[in-house]
Structure formats: C-alpha cells, structure tokens
Amino acid sequence: MKFFEKMLGHTQSPPRVGAVEILWSWIGSFAGIAVVALIHYNLLDRTALSMIIGSFGASAVLIYGAIRSPLAQPRNLIGGHVLSAVIGVAAFQFLGQLPWLASAAAVSTAIALMHWTKTLHPPGGATALIAVIGGDSVHQLGYLYAVIPAGLGALVMLIIALLINNIAPNRRYPEFWF
Amino acid sequence: MNAANLRECAPVDISDADVMAAMKAMQGYIDITPADFREVYRVAYALAQERMLNALKAADIMTPTVHVLDADADLIAAATLLADKGISGAPVTDSDGRIVGVISEKDFLRRMGAGPGGSFMRVIAHCLKSKGCVATPMAGRTVRDIMTAPPITAAADISIGAISALLMEKNINRLPIVDAAGKPVGIVTRSDLVNSFCMLG
C-alpha cells in the first residue's frame, strides 16, 4: 500500500521565477548555443570534426536557466560531459555489436561515474548515449569525442555562462568551481 | 512540562508557504522542493541545537558562589542574609566547607503552611485563617533543620542542556556547582539558564 501511496507525491512545485530571470535565461542560452553552433557550422564545416551535440541543449537549461543548481556548476558541466563521453565511446567500442546493450551500459555507467566523482550533470547521460547512437560521424572520432565536441563545447558554453550570468546584479555564477 | 518533553522541544517549525515565500524572494530557480528543504532544515536545526546545548557548560554561565550559609546558622541570620542580598536561596555547607544542602524561600514557605508546593499564596490563605504570624515557630531553629538535603549538585563541566533537564526533572530552581571535594564553586539558577538560551528560541 505504501508503495502505491508514494506515487501520489507529497509536496508542491517550486515557485515560478520572475520575468527578469526568464529573460536572462533566454539571453544566456541564446548566446551560448549561438557561439557553439557558429563554430560548428562556420569553422569546422569542412573538417570531420563537430562542435555541437544534442546534449548541449540540455546543458543550456542548467547553466543559463538554473544557475544556482549544484548540477549546473563548472565541475559538473565539464566533468559530466567529458567523463560521460569516455564511458559512451568505451561502451560503443566494447559492446557496439549489441546496440541496445551498449546504449544502456553507456548511460547507466555514466550516471554511476558522475555520482562517484561528484560531477552529476544530467546532459552527460545524453553525451554518453550519443557516443553509441550518433552514427558513423561520431563513431569515427573514437575517444577524441571526449575532447571535441564534448569537452571543448562544454568549455565554450561555460565561458559564455561566466560572461552572461554575472551581468545582472542579482545573478552570480558559479556557486563553486570544484 | 517535564525533562522528557523539554528534550523533545520542537524547532521553530517552518511551513511550505514560508519556504515558497523565501524561494520567491531569491532570484533564480532554486533546485529543491519545499518538502526537501524542510527536511534539510529540520535535521540541520536539530544538529545546531544539540551543538549549542553542549557548547556551553555550567562553568560558562554560573554565578560564582558568593553567599554560602553555614548549616548551624540560625534562621534569623539566614533569612536576613537572603533578604539583604536579594537572593531567594543559597547552598548550605558544613564546618569543612562541603555542601550539605540547599536552603531557599520554598523551605521557609513549607514550614509556614505552604504545603509541599511551596506556594506563597497558600501561606497567605493559611495566615488569614489562623491567628498570629506563622513564622514564629521557626525561631531558634537552624538552617540544618529546614534545608533541602541531600543537595542536588553537579560538576562545572555539565552542559546547559543537561542542567535544563535536571532542573525540570527535580523541579528545582538552582543547581549548586561543586568541585571534586564537594565544596561549592558556583550556582546556576533558572535565570542564568534563560540568559544562556537567548539564541535557542
């Protein structure tokens, strides 16, 4: 009975943020994704490299939209993406013949490692998964995937976060570095 | 209120509405639900309270003993001293200076018809019903005859939390603090305790 009762929930959603916060979240994420996408489409266009992966959209939610969250801090952003990328590539290389298994192992192991290293960053799960399901262009990168796009993209997004999130007097980022 | 529910003294409780209002007052998205915040608050508050109850010892808050009564002193001298010094009680020592009891207004009141509760109003009622002053039978008696003995005492390193519990449990107002030889070195009264509790709400 307790088991089903727990499914009812027991508290309420936190309050809606103010209009100013919404505006700064919009500005920050626009700038962050814009810079990463510009590098991807204009600078790396003729190379086999890429700069942008889907999980950066999720990172933008945290580092521009929930900047006080422990999950959004630099340690988590960079650590979460790089470690998860390594796990994802390893999962593909060792278990790639069974894509369902490689996918599940990549995400679950990435979460475990992020917890263990105190770098939990939800988009890291996507970074690990993309290493498996991302197709040939991702697979050809091998472990370089952890540096470009995962590490470098996250670093560019971090720089934009530091610049944009500290403009408004009532906003500050980060809460901590390591 | 007894020692048991003093221990369970609840922290200043906060409601979900309080947490929601605080979250609204802070800029930015606070990544925690009101219920989780309250859980963190309750545990942290209990730890803080525990730390504060143990941080202060009797030695930090006691009044060093200045007024001690000899067990063989007569009650006129004892009552005069208490009145002159504006205190309501004092430790009682034997000829070696060791504590043998505590004497307070309650001990006098009890002999004046106040009953075991030591109520002054009971004395008034008793006084109005009978003829003459009810204190006179005590003339010629000594402190030893009416003091509370054996005394409840503690060492200087007792925490204020433990003192509160002891005062409540034994229903006493002052706790003499004694050294290893049993000689009084200070006294902690309820008012000393109230002063030390100012931060505990």
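Database remark: amide H of residue B:185 closer than 5 angstrom to the amide H of B:177, B:178, B:179 (H placed geometrically; neighbours at sequence offset of 5 or more, or on other chains; Pro and chain starts carry no H).
Stokes-Einstein diffusion for the stretch A:1-77, with the hydrodynamic radius set to the Kirkwood value over Cα pairs and evaluated at 4 °C in a medium of 1.567 mPa s, equals 85 µm²/s.
Could you tell me which of B:65, B:78, B:28 has its Cα farthest along the dipole of chain B towards the positive end, charges placed at Cβ (Lys, Arg +1; Asp, Glu -1), taken about the Cα centre? In chain B, that residue is B:78.
What net charge is computed for the residues neighbouring residue B:80, neighbours being all others with C-beta under 15 Å from the C-beta of residue B:80, Lys and Arg scored +1, Asp and Glu -1?
Details: positive: B:85, B:141; negative: B:70, B:74, B:84, B:105.
Value of the local net charge: -2.
Other chains near B:16-22: what is the mean number of their Cβ atoms within 10 Å of each residue's Cβ? List each step's numbers first, then the result.
Details: counts 2, 1, 0, 4, 4, 1, 1.
The shielding value for this peptide is 2.
What number comes out for the charge environment of residue B:39, summing +1 per Lys or Arg and -1 per Asp or Glu over other residues with Cβ under 13 Å away?
Values: positive: B:38, B:42; negative: B:13, B:16, B:36.
Charge balance in the 13 Å sphere: -1.
Placing +1 on the Cβ of every Lys and Arg and -1 on the Cβ of every Asp and Glu, with nothing else charged, gives chain B a dipole about its Cα centre of roughly 820 debye. Per residue of peptide A:62-70, the mean number of Cβ atoms on other chains within 10 Å of the residue Cβ is 3. Treating each Cα of the protein assembly as shown as an identical point scatterer and summing with the Debye formula, the log10 of I(q)/I(0) at q = 0.06, 0.12, 0.14 Å⁻¹ comes to -0.50, -0.95, -1.14. Taking the Cα centre of the protein assembly as shown as origin and assigning +1 to Lys and Arg Cβ atoms and -1 to Asp and Glu Cβ atoms, the resulting dipole is close to 540 debye.
Across A:177, A:24, the residue with the most accessible area heads the list, and the full order at a 1.4 Å probe is A:177, A:24.
Electrostatic bookkeeping for residue A:175 treats Lys and Arg as +1 and Asp and Glu as -1; over the other residues with beta carbon under 13 Å from its beta carbon, the sum is +3.
Can you give the accessible area buried between chains A and B, summed over both chains, with a 1.4 Å probe, in Å² to the nearest 100? Approximately 1300 Å², summed over both chains.
For the stretch B:17-113, pairs of C-alpha atoms spaced more than 17 angstrom apart make up 70 percent of the total.
Beta bridges assigned by DSSP with both partners in the stretch B:59-196 are antiparallel in approximately 80 percent of cases. Within the stretch A:1-107, the trypsin sites (Lys or Arg not before Pro) that combine a DSSP coil assignment with at most 12 other C-beta atoms in a 10 angstrom radius are A:16, A:46.
Centre-to-centre separation between the Cα atoms of the stretch B:27-92 and those of the stretch A:1-52: 52 Å.
Summed over the residues of the protein assembly as shown and divided among them, the accessible surface reaches 55 Å² per residue at a probe radius of 1.4 Å. Of the residues B:95, B:130, B:159, the one that moves most in a GNM of chain B with alpha-carbon contacts below 10 Å is B:130.
Shape analysis of chain B based on the Cα gyration tensor places the equivalent ellipsoid semi-axes at 45, 21, 12 Å, largest first.
Let me confirm one metric for peptide B:30-37, namely the mean number of other chain beta-carbon atoms within 10 Å of its residues' beta-carbons.
Mean shielding by partner chains, rounded to a whole number: 5.
For chain A, the square roots of the Cα gyration tensor eigenvalues, ordered a ≥ b ≥ c, give a/c of at least 1.5 with a/b no greater than b/c, which places it in the oblate category.
The values are calculated or read from the model by the stated rules, or taken from the named source; none is laboratory data. The structure displayed is predicted, hence computed values, not measured ones. As a convention, Cβ positions derive from the backbone with ideal geometry for all residues, glycine included, and neighbour counts pool all protein chains shown. Accessible surface areas use protein heavy atoms only, side chains included; no ligands, DNA or RNA. Shrake-Rupley method; radii C 1.70, N 1.55, O 1.52, S 1.80 Å.
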